[in-house]
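The values are calculated or read from the model by the stated rules, or taken from the named source; none is laboratory data. In this text, all values refer to a predicted model and were calculated from it rather than measured experimentally. Note that each Cβ is placed from the backbone with ideal geometry, even for glycine, and that neighbours are counted across all protein chains shown.
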């Protein structure tokens, strides 16, 4: 299971590609994330993935109309299409028309291979099928006028 710092690193790189940020800026953000993670006091820990994602989005869309962030956490959910559909559609309902939206989907991998279970080829194909299903669902059901980017992390 990836830790929050690794997820934030990955998200930083993906948002840089979406926003067209300069490589040097992206690397500076990565160094800042590493510094924050290493220099937290004893009881502190890195902010939640959603908080980090919101801050990264603001930084990457600096000076332009910002994209809106929606987060759908599927950890602990079953990966059956009926339940996935319900959770994702519930999240998409909050998107405003004529807006750039980044939908961050986390926890899908964990729901396919629950804690303590091995990652097998069968589970990998189940994950790929669930991910394809969600991508198709988002493309079909996105609100009118919304430019949607879906990131699985």
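Yes or no: the range 130-140 includes at least one residue that is in contact with a strand residue (DSSP E or B) (Cβ under 9 Å, 6 or more places away or on another chain) and at pLDDT below 85. There is no residue in the range 130-140 that is in contact with a strand residue (DSSP E or B) (Cβ under 9 Å, 6 or more places away or on another chain) and at pLDDT below 85. Being touching a helix residue (DSSP H, G or I) at 6+ places or on another chain (Cβ under 6 Å) and either crowded, with 20+ Cβ neighbours inside 10 Å or modelled with pLDDT under 85 (or both) holds for only one residue in 103, 74, and it is 74.
Being part of a helix (DSSP H, G or I), buried (at least 17 other Cβ atoms within 10 Å of the Cβ), at pLDDT 85 or above and in contact with a helix residue (DSSP H, G or I) (Cβ under 8 Å, 6 or more places away or on another chain) is a condition met by at least one residue of the range 88-96.
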